[in-house]
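Chemist: First the structure, which I've put down as structure tokens, then a few questions once you've had a look.
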């Protein structure tokens, strides 16, 4: 269990580094090395799903990013959703107003 969690974190870090260098195909490929369950928007993998949505947004894959946002919306009807993670996806898509809206909700909910 611990090893798989470390692998998730490592893949996310590598993907983030690729994304920051503008190497979006490689960043997405890092996420796709995980099983779909590991990067699905679920209570256990919100950070991973958000990271993939952020990369999709940066890469101009708006429909893919919106698909992940829809999954977060569906998840919110049955589980806690970290709004900060939702805001990160909007930030990746360049929607600053929505990003700050959700990041603000996430920060306010944390205190």
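The values are calculated or read from the model by the stated rules, or taken from the named source; none is laboratory data. Since we're looking at a predicted model, the values are computed, not measured. Cβ placement follows ideal geometry from the backbone for every residue including glycine, while neighbour counts extend to all protein chains displayed.
Chemist: Applying the selection to segment 69-111, what residues are farther than 18 Å from residue 43 by Cβ, crowded, with 17+ Cβ neighbours inside 10 Å and touching a residue at least 24 places away in the same chain (Cβ under 8 Å)?
Modeler: Hits for segment 69-111 are 90, 91, 92, 93.
Chemist: Please work out which one of (1) out of contact with any helix residue (DSSP H, G or I) (no Cβ under 9 Å at 6 or more places or on another chain); (2) part of a helix (DSSP H, G or I) is the condition residue 44 fails and give its number.
Modeler: (2)
Chemist: I would also like to ask the following. Looking at 70, 26, which one is out of contact with any helix residue (DSSP H, G or I) (no Cβ under 9 Å at 6 or more places or on another chain) and part of a helix (DSSP H, G or I)?
Modeler: On the way: 26 fails: out of contact with any helix residue (DSSP H, G or I) (no Cβ under 9 Å at 6 or more places or on another chain).
On inspection, the qualifying residue turns out to be 70.
Residue by residue, here is whether (1) in contact with a strand residue (DSSP E or B) (Cβ under 9 Å, 6 or more places away or on another chain); (2) closer than 22 Å to residue 8 by Cα; (3) modelled with pLDDT under 95 holds:
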residue	(1), (2), (3)
26	no, yes, no
36	no, yes, yes
42	no, yes, yes
54	no, yes, no
69	no, yes, no
83	no, yes, yes
103	no, no, yes
107	no, no, yes
